[in-house]
Structures are given as C-alpha cells and as structure tokens.
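Data first, discussion second: the structure below is written as structure tokens.
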Amino acid sequence: MAISTSWLHLPLILVIFQFSSRTTAIRKDIGFQVVRQCKTTVQGRYFLSDDNGYVCNALSVNSQSRCCPEVDEKFSCHGCNLLSRCCNSYEYCVSCCLNPALTNKEDALKVKIAKPASARTYASVFDYCAGRCRHSSASVVHENAYLSDFHHCFLLPSNSSAGIDSILQEARLNGINVVVGRQGESCDSVCKFRGQSCVPNKLAVLNQCEVMQKYMTCKGACLASVGTDQPAEVVHDAPKHLNPGSCLYTQAQSTLSCDGAHQHTRRLCPCA
C-alpha cells in the first residue's frame, strides 16, 4: 500500500508555524520610548533654564532630553522683584516668567517680537519669556548703563494686557528719582541741578494721570494736552484759560522730551 508523503512534512510545517508566531509576538512586545526634548536658554555661562520651568547647572542637564533635573524649585523667582516683574538673573527671570500665575499665556502669545506691525508674535510662552527677559531699552539709562541690578524683566507690555495696575507701572521706575521741577524749568535743568541726567525713555511711565497724582496735587483735574513740557502741572497763578492746578499729559508719546519747558507749568521728571 502506498503512503502519502504529504504527511511526512507535517511536523516540519508545525515547527515553522510555531517559530513564526513566536517571533511575531516578540516583535509586538518591543516598544521604543520617545524622549521629549526640552527647549533651554543659551545665554548664561554657568546656568540655564528649561521650558519646564527649572534652572540648573549646565553640567547637570540630561544629555538626551536636554532637560534640567526636576529636583529644585519649579518656576523659581530667586532674585526677582515680583512687583516689577524684574530679576537680577536672566535664567531665573525665564523660570519665574513661565509661571502661569504670573504670565498669561493668551496675552504673551499676542506680543510681537519686534515693533513693526508686520513682525510675528511669539510661538510659545517659553519663547516669550526667553526673549522678554533679555535686556531692553526700558532697563537702560543713558544708553550705556543699567538702571539697577534688576534689569531682566518680563512684564507684559501695557497694550497687550488690559488694566495693568499703576503700581506695576511705577515699579518700572526702579533706580529713578522722580522730581517735580520748578516753574518754567525743563527736565534737563531739573535733573542737572541734582547732579543727574534726565532719562527720556521713562517720561512715558510718568505721562499718566494715576502716576502724576502721586507726586502732584492735580486739583484742577488731569487733562490731555499738547506740548513738549508734559507730563506737568499748571501753576496756580497761571491764566484761567490754561486751567490752573491741572495736571497735563500728552497723547502724542513722540513729543515727550527732556528739554521741553513752559513758563506756566512745573514738570514731572525722571532723573538718574
């Protein structure tokens, strides 16, 4: 009787099938962990801040993820003035700025990177903080010196965050002596008399009714006006049509000047 040879290959087929199934099962169990890459600052010589809100020594950064060890305080504001939102260290400025309680994400992402209307906005809160905390013209006096050690600031611009408290605006006057001048004096003269110089980029901070009212009486109200002598207060013995006792501010920021003066006003001056 003839025996079919197809049955003789059955054990070999079963072995191949079992080996193939086992191999497939092993491959399904294999997984590759995706390591998230942190964004970090690159400005500091010894320290850096990552986009998780941690600050660390550059040598302790994870070589694969580029993240700081999560051992120290998150969103640390070490060396920062929370009133002015200014810090004496760039890395801690970025870390503090990343705190959602201090920086509103929606407002931060509306801020333009540069002044031109065509400039793009920041892509993330980390990009905003890293860019904002760098030195700006607002932290410089006479174009070659810092107003104070706290010159890394992340306060949102007033035009992108409605209703910023006047106290925060005044905090931008760190290192500035606010002086009420004598009648008819320019701010250049007022500051020179004190052995200082007028700081032009701080006139805009003083050019607000809420701020002027802290240094002047403004009994005749606070009025919008036009002139290079503003912000100022009209002296009480001025002609009636000039609104004696009133404080004056200008809506044309480009006219703010340290050398402006008027015979019937007393100027409010930023000296340093």
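What to note about this one:
- Hey, Ser189 surrounded by 14 or more Cβ atoms within 10 Å (Cβ to Cβ), at pLDDT 90 or above and not in a strand (DSSP E or B) or not: yes
- Residues satisfying the stated conditions in the stretch 54-85, i.e. assigned to a loop (DSSP other than H, G, I, E, B), aliphatic (A, V, I, L, M) and without any contact (Cβ under 8 Å) to a residue 60 or more places away in the chain: Val61, Val71, Leu82
- Set Gly227, Gly260: member being buried (at least 18 other Cβ atoms within 10 Å of the Cβ) and under 14 Å from Cys187 (Cα atoms): Gly260
- For the stretch 108-122, the set of residues classified as loosely packed, with under 15 Cβ neighbours inside 10 Å and either at pLDDT 95 or above or part of a helix (DSSP H, G or I) (or both) is empty.
- For the stretch 230-242, the set of residues classified as in contact with a strand residue (DSSP E or B) (Cβ under 7 Å, 6 or more places away or on another chain) and farther than 18 Å from Ser186 by Cα consists of Leu242 only.
- Looking only at residues of the stretch 165-186 that are touching a helix residue (DSSP H, G or I) at 6+ places or on another chain (Cβ under 6 Å) and over 25 Å from Gly245 (Cβ atoms), we find that the one that is modelled with the highest pLDDT is Ile176.
The values are calculated or read from the model by the stated rules, or taken from the named source; none is laboratory data. What you are looking at is a predicted structure, and each value in this text was computed from that prediction instead of being measured. As a convention, Cβ positions derive from the backbone with ideal geometry for all residues, glycine included, and neighbour counts pool all protein chains shown.
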